[in-house]
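Please read the structure below before turning to the comments.
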There are 2 protein chains.
Amino acid sequence: EKGSVALVGAGPGDPELLTLKALRMLQSADVVLYDDLVAPAIVDMARREAEKIAVGKRGYKPSCQQDHIISMMIGLAKEGKRVVRLKGGDPMIFGRATEEISALRAAGIAIEVVPGVTAALGAAAALQVSLTERDKARRVQFITAHAHDGKLPQDIDWRALSDPRASSVVYMGARTLGVLVERLLAHGLDPATPALLVERATCADERRIGATIASLPGKVAAETLSGPCLIFIGAVFAATEGEVAPAKEAAQID
Amino acid sequence: EKGSVALVGAGPGDPELLTLKALRMLQSADVVLYDDLVAPAIVDMARREAEKIAVGKRGYKPSCQQDHIISMMIGLAKEGKRVVRLKGGDPMIFGRATEEISALRAAGIAIEVVPGVTAALGAAAALQVSLTERDKARRVQFITAHAHDGKLPQDIDWRALSDPRASSVVYMGARTLGVLVERLLAHGLDPATPALLVERATCADERRIGATIASLPGKVAAETLSGPCLIFIGAVFAATEGEVAPAKEAAQID
């Protein structure tokens with residue numbers, strides 16, 4: 001059998017938000033290379049005989065880590081292994097998939113990409129807030145606030161991000177939140193714009209900090225955050241200002 | 001038993017891209033109200049005893065249709081039924097979920113929202129093109145090109161949409177493509193910017209038309225389109241210019 005690599009989205013956190021296809025790929029894998037951010041309960045869904053290898057937290061390790069992951073994938077596929085590269089959320093959103101796909105293609109390895117529920121949509125569902133709403137939000141945008149060097153990227157289109165009629169979601173936004181908010185306010189975003197931080201979206205220990213864009217950095221500074229965080233900004237989040245950590249909803253339908 | 005309503009994302013088209021949670025909700029439903037755009041194979045995954053009711057194509061019926069759907073959901077939930085409202089893609093992206101959630105809350109009905117793989121991410125995975133890429137696309141944005149009246153919305157932030165360093169995805173964009181492209185070019189978008197139309201993303205009969213933003217309307221006009229379409233615009237799509245309909249990849253990993 002010829003080896004192959006599948007880049008598979010593990011979804012936002014809740015293991016039930018895995019797709020049927022992702023489950024099938026995990027259950028037919030020889031090797032699973034998984035991001036540290038992927039929940040153990042999801043890794044455990046892989047075929048029992050599969051070798052499971054943690055390959056480092058996204059965005060917080062030196063880039064040689066990325067080269068090492070690529071070498072491993074190519075080596076394993078060339079041995080004839082079915083490799084699953086399991087990534088948090090969706091592989092095509094801030095997942096550095098381009099580097100992996102290019103290298104695998106250059107090595108002649110068969111590739112498949114299995115999409116996943118991206119964290120922003122998992123969190124929006126849990127909040128029960130639509131990211132689009134006629135008259136309030138015609139446009140949805142996602143950015144990452146975490147460049148290669150761990151700082152806020154320099155080439156952000158601040159005007160696009162300050163548009164009051166868009167819903168914005170900032171991935172990996174907790175560390176650079178103060179600078180981000182300064183720049184948004186400097187570009188004219190109303191300080192009263194609703195804003196919300198969600199930590200560990202869709203996980204059992206999800207936390208929410210609701211505020212306005214101006215007051216969010218202060219409220220966030222008062223909390224200890226350890227999981228991945230999303231920042232939501234926009235008029236559609238008006239009803240979430242009262243949210244405080246922990247904010248897991250009791251009323252689930254069984 | 002008290003009735004309830006779950007807004008459930010059916011994913012982009014391929015039935016395997018349903019989440020495990022969506023499947024569980026479908027298999028415990030008493031009634032499934034589904035958009036016409038949802039594939040029959042997905043509706044068939046619902047519990048055998050569940051009543052399955054088609055509730056009209058999204059965006060192409062009068063708005064009284066929406067009021068009727070809401071009344072049905074409330075009535076059925078008040079009878080004690082477990083209602084699943086099955087929507088194409090993700091419920092929180094251009095799914096008009098706000099109107100449904102507000103009405104259900106006002107009626108005191110228990111609600112749950114189950115996210116799904118949104119069409120843009122399903123298509124990106126099939127294309128094997130990451131929507132974000134360091135240096136090329138720091139920002140991803142989704143808009144709908146289909147307002148209430150079937151025309152292009154008037155309040156689009158054209159400057160944000162013409163940003164050469166963003167990846168843009170236009171939902172329901174086929175009908176208004178000509179006007180959209182005119183406006184983008186007028187706002188300074190390079191006519192050579194890669195652009196692509198994807199019809200029926202992730203379905204067995206998916207079609208792709210690759211072009212530049214300037215040449216896309218002409219290429220699209222030469223084709224007959226009948227399914228839902230997405231328009232992709234941005235530098236990351238450079239490799240897709242050669243795509244022509246039909247473009248389903250032969251090399252799937254089994």
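In the set A:Glu206, A:Glu199, only one residue is in contact (Cβ under 8 Å) with a residue 40 or more places away in the chain, under 18 Å from A:Leu127 (Cα atoms) and within 14 Å of another protein chain (Cβ to nearest Cβ); that residue is A:Glu206. Taken together, A:Arg105, A:Arg159 contain a single residue that is at pLDDT 95 or above, more than 18 Å from the chain's Cα centre (by Cα) and either at positive phi or surrounded by fewer than 18 Cβ atoms within 10 Å (Cβ to Cβ) (or both), which is A:Arg105. If the condition is being in contact with a strand residue (DSSP E or B) (Cβ under 7 Å, 6 or more places away or on another chain), touching a residue at least 40 places away in the same chain (Cβ under 8 Å) and not polar (S, T, N, Q), then segment B:12-29 contributes B:Pro12, B:Leu17, B:Leu18, B:Lys21, B:Ala22, B:Met25, B:Leu26, B:Ala29. Residue-level check: of (1) touching a helix residue (DSSP H, G or I) at 6+ places or on another chain (Cβ under 6 Å); (2) on the phi < 0 side of the Ramachandran plot, A:Gly89 misses just (2). Of all residues in segment B:135-156, which are buried (at least 16 other Cβ atoms within 10 Å of the Cβ) and not small (Gly, Ala, Ser)? Result: B:Lys136, B:Arg138, B:Arg139, B:Val140, B:Gln141, B:Phe142, B:Ile143, B:Thr144, B:His146, B:Leu152, B:Pro153, B:Ile156.
What about B:Glu182, is it under 27 Å from A:Thr98 (Cα atoms) and at pLDDT 95 or above? I'd like the intermediate steps shown before the answer.
Numbers: under 27 Å from A:Thr98 (Cα atoms): no; at pLDDT 95 or above: yes.
Criteria not met by B:Glu182.
Of the residues making up segment A:10-22, those that are at the interface with chain B (Cβ under 8 Å from one of its Cβ atoms) and at negative phi are A:Pro12, A:Asp14, A:Pro15, A:Glu16, A:Leu17, A:Leu18, A:Thr19, A:Leu20, A:Lys21.
The condition of being free of Cβ contacts under 8 Å to residues at least 60 places away in the same chain, closer than 19 Å to A:Ala235 by Cβ and aliphatic (A, V, I, L, M) holds for only one of A:Leu152, A:Leu184, that being A:Leu184. Residues that are modelled with pLDDT of 70 or more and either within 13 Å of chain B (Cβ to nearest Cβ) or farther than 28 Å from B:Lys2 by Cα (or both) within segment A:241-254 comprise just one, A:Glu241. B:Pro217 satisfies every condition listed in (1) on the phi > 0 side of the Ramachandran plot; (2) in a helix (DSSP H, G or I) except (1).
Filtered by the rule that a residue be surrounded by fewer than 20 Cβ atoms within 10 Å (Cβ to Cβ) and within 21 Å of A:Val113 (Cβ to Cβ), segment B:1-38 gives B:Glu16, B:Leu20. When the test is whether a residue is away from chain A (no Cβ under 14 Å), assigned to a strand (DSSP E or B), over 25 Å from B:Gly173 (Cα atoms) and in contact (Cβ under 8 Å) with a residue 24 or more places away in the chain, B:Val32 passes it.
The values are calculated or read from the model by the stated rules, or taken from the named source; none is laboratory data. What you see is a predicted model, and the numbers here were worked out from it, not measured in a lab. So basically every Cβ, Gly included, is an ideal-geometry build from the backbone, and we count neighbours across all protein chains shown.
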